[in-house]
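> Would you mind keeping the following structure in view while I ask a few things?
Nothing in this text is a laboratory measurement; each read-out follows from the coordinates by a stated rule. Only a predicted model underlies this, so the values are computations on that prediction, with no experimental measurement involved. No Cβ is skipped: glycine too gets one built from the backbone with ideal geometry, and neighbour counts run over all protein chains shown.
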Amino acid sequence: MSTEKPAHVCSVLVVDNDPEVVELLRAALTPDGYRVDSAPNGRQALDHLRSHAETCIIVFELQLPVMDGERFRAAQLRDRSLAWIPAIAMSATIDGSRKARELGARRFQPKPLDLDELRAALRQIGCCLARPRMRTAG
């Protein structure tokens, strides 16, 4: 009997309140071997991250309801169990690129999205499961 682990599937969390964007990214990334989860705002994204340790990378919109991308990213970076997960910011705002840099995002993708650029950014950042995070209580 083989004791090999099953092949890892890189999990991407898309944080966007536009269901069309979420489905577009799911349709574009799933054939590339990614599992795509989603959350419509920063608060639900944090809840998802805290309950799904397999998330490897985050793609988030800067303008979100309930908890916007800026507050989401700041909360993510403050949480030591989540801070290591790399993020790509996306937005149609004029100052989106500057905000993405200020938030420590690895990349900025302007909207409308160029799916080839996004795929290239994901490949370049790579899967971060090699650095599994520790679960923390509470």
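> Across region 53-84, what is the number of residues that are within 21 Å of residue 35 (Cα to Cα), of a type in the set (Phe, Trp, Tyr) and surrounded by 15 or more Cβ atoms within 10 Å (Cβ to Cβ)?
Total satisfying the criteria: 1.
> Among the residues of region 31-84 satisfying the criterion of being touching a helix residue (DSSP H, G or I) at 6+ places or on another chain (Cβ under 9 Å) and among the hydroxyl-bearing types (Ser, Thr, Tyr), which is farthest from residue 11 (Cα to Cα)?
Among them, the one singled out is 81.
For (1) surrounded by 16 or more Cβ atoms within 10 Å (Cβ to Cβ); (2) among the hydroxyl-bearing types (Ser, Thr, Tyr); (3) under 20 Å from residue 18 (Cα atoms); (4) touching a Phe, Trp or Tyr at 6+ places or on another chain (Cβ under 8 Å), each residue gets a yes or a no:
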| position | (1), (2), (3), (4) |
| --- | --- |
| 92 | no, no, yes, no |
| 98 | no, no, no, no |
| 102 | no, no, no, no |
| 108 | yes, no, yes, no |
| 111 | yes, no, yes, no |
| 121 | yes, no, no, no |
| 124 | no, no, no, no |
| 127 | yes, no, no, no |
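> Okay, next question. Is there a residue being part of a loop (DSSP other than H, G, I, E, B) and touching a residue at least 60 places away in the same chain (Cβ under 8 Å) anywhere in region 57-80? Write out each step before concluding.
Just the residues of region 57-80 that are part of a loop (DSSP other than H, G, I, E, B), to begin with: 62-68, 79-80.
Filter once more, keeping what is touching a residue at least 60 places away in the same chain (Cβ under 8 Å): none.
Among the residues of region 57-80, not one is part of a loop (DSSP other than H, G, I, E, B) and touching a residue at least 60 places away in the same chain (Cβ under 8 Å), which makes the answer no.
> Of all residues in region 10-30 being buried (at least 20 other Cβ atoms within 10 Å of the Cβ) and in contact with a helix residue (DSSP H, G or I) (Cβ under 7 Å, 6 or more places away or on another chain), which is nearest to residue 126 (Cα to Cα)?
Applying the filter and picking the extreme gives 12.
> May I pose another question? Out of the residues in region 46-56 that are assigned to a helix (DSSP H, G or I) and not basic (Lys, Arg), state the one that is farthest from residue 19 (Cα to Cα). Spell out how you get there, then give the answer.
Here is the first cut: in region 46-56, the ones assigned to a helix (DSSP H, G or I) are 46-51.
From what's left, not basic (Lys, Arg): 46-49, 51.
Values: 46: 18, 47: 19, 48: 17, 49: 19, 51: 22 Å.
The selected residue is 51.
> Take region 97-118 and flag every residue that is part of a helix (DSSP H, G or I) and under 18 Å from residue 55 (Cβ atoms).
Taking region 97-118 and keeping what is part of a helix (DSSP H, G or I), we get 97-102, 115-118.
Once the filter is applied, which keeps residues that are part of a helix (DSSP H, G or I) and under 18 Å from residue 55 (Cβ atoms), region 97-118 yields only 118.
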